[in-house]
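Have a look at the structure below before the remarks.
Here, each number is a calculation from the coordinates, and none is a lab measurement. Treat the numbers as computed from the prediction; the structure is a model and nothing was measured. Glycine also receives a Cβ, built like all others from the backbone with ideal geometry; neighbour counts cover every protein chain displayed.
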C-alpha cells in the first residue's frame, strides 16, 4: 500500500482550493490562482530602518 502526500494551494482572495500540481505558476515560481488570477507573492516590508540594507 503506498501513500502519496498532496500539497494544496488555497487562494486568499477567492478561497479556491486545489492540489498544487493543478495550479499554474508564474516565471518566478509563485502560484497564480486559476479562478481569479490572484498572485501569491510575499508581502513587501513596509518599514525600513538603519539595520535594513537598502540595496539588497
(request) Using a Förster distance of 22 angstrom, determine the FRET efficiency expected from the C-beta separation of residue 38 and residue 17, and round it to 0.05. (result) 0.95
(message) Report the gain in length on full extension from residue 27 to residue 4: 0.36 nm times residue separation, minus Cα-Cα distance, nm rounded to one decimal.
(response) 5.6 nm
